[in-house]
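Novice: What follows is a single structure, and I will ask about it in a moment.
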Amino acid sequence: MLAPWGSSDAAPTSQTADLILKNGAVLTMDANRSQVTAVAVQDGKIVFVGSDAGAEAWRGSSTRVVDLRGQMVLPGLHDSHVHLTEGGLALLQCDLTGLTTVPQVLDKVASYAAEHPELT
C-alpha cells in the first residue's frame, strides 16, 4: 500500500517544492518503496517520495536542492519529555542550556559557584 506522499509516477501540483533531497538512500519503512532516492518538501510537508527524475518535476526557480551523495535519509521521531525527579534536580544545578562557547560556559560556572559557595 502506498503512503499518501506521492510516488515516482505522481505529477506535481501547480506549486513547486521548497526543498528537494536527491541522490540519497531514503528509508521509507515501506517494502513497496525500497529503491527511493529522493524526497520533495512543500510548506513543511513531504509531497513526493521516489526517484531523482521524479523529484525534478517538483523543482522550481526557488527550490533548494540538496545532493545527498548517497547518504541516508531516515524517518524521525522527536520525543521531548522529562523524568520528574531528574528534571527537578536539574533545575537546582548550574544550567548550561543554550550556551555555545567556552567563555559563556566558564562565566556561567563561575557565576553559579559564586552564588552557591556551599556547593564548592
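Novice: Give me the pairs, please: first residue somewhere in region 34-60 and of a type in the set (Ser, Thr, Tyr), second residue anywhere and crowded, with 22+ Cβ neighbours inside 10 Å, beta-carbon distance under 7 Å, and either six or more positions apart or on two chains.
Specialist: So the pair list comes out as 51/38.
Novice: Please determine whether any residue of region 75-98 is in contact (Cβ under 8 Å) with a residue 40 or more places away in the chain and surrounded by fewer than 15 Cβ atoms within 10 Å (Cβ to Cβ). Give the derivation first.
Specialist: In the first step, residues of region 75-98 are kept if they are in contact (Cβ under 8 Å) with a residue 40 or more places away in the chain; the result is 75.
Retained after the next criterion (residues that are surrounded by fewer than 15 Cβ atoms within 10 Å (Cβ to Cβ)): 75.
Scanning region 75-98 turns up at least one residue that is in contact (Cβ under 8 Å) with a residue 40 or more places away in the chain and surrounded by fewer than 15 Cβ atoms within 10 Å (Cβ to Cβ).
Novice: Examine region 73-85 for a residue that is in contact with a strand residue (DSSP E or B) (Cβ under 7 Å, 6 or more places away or on another chain) and more than 30 Å from residue 119 (Cα to Cα), and state whether such a residue exists.
Specialist: Taking every residue of region 73-85 in turn, at least one turns out to be in contact with a strand residue (DSSP E or B) (Cβ under 7 Å, 6 or more places away or on another chain) and more than 30 Å from residue 119 (Cα to Cα).
Novice: What number of residues within region 25-65 are modelled with pLDDT under 90, assigned to a helix (DSSP H, G or I) and not aliphatic (A, V, I, L, M)?
Specialist: Matching residues across region 25-65 total 2.
The values are calculated or read from the model by the stated rules, or taken from the named source; none is laboratory data. Please read all numbers here as calculations on a predicted model, not as lab measurements. Every residue, glycine as well, gets a Cβ built from its backbone with ideal geometry; the counts of neighbours run over all protein chains shown.
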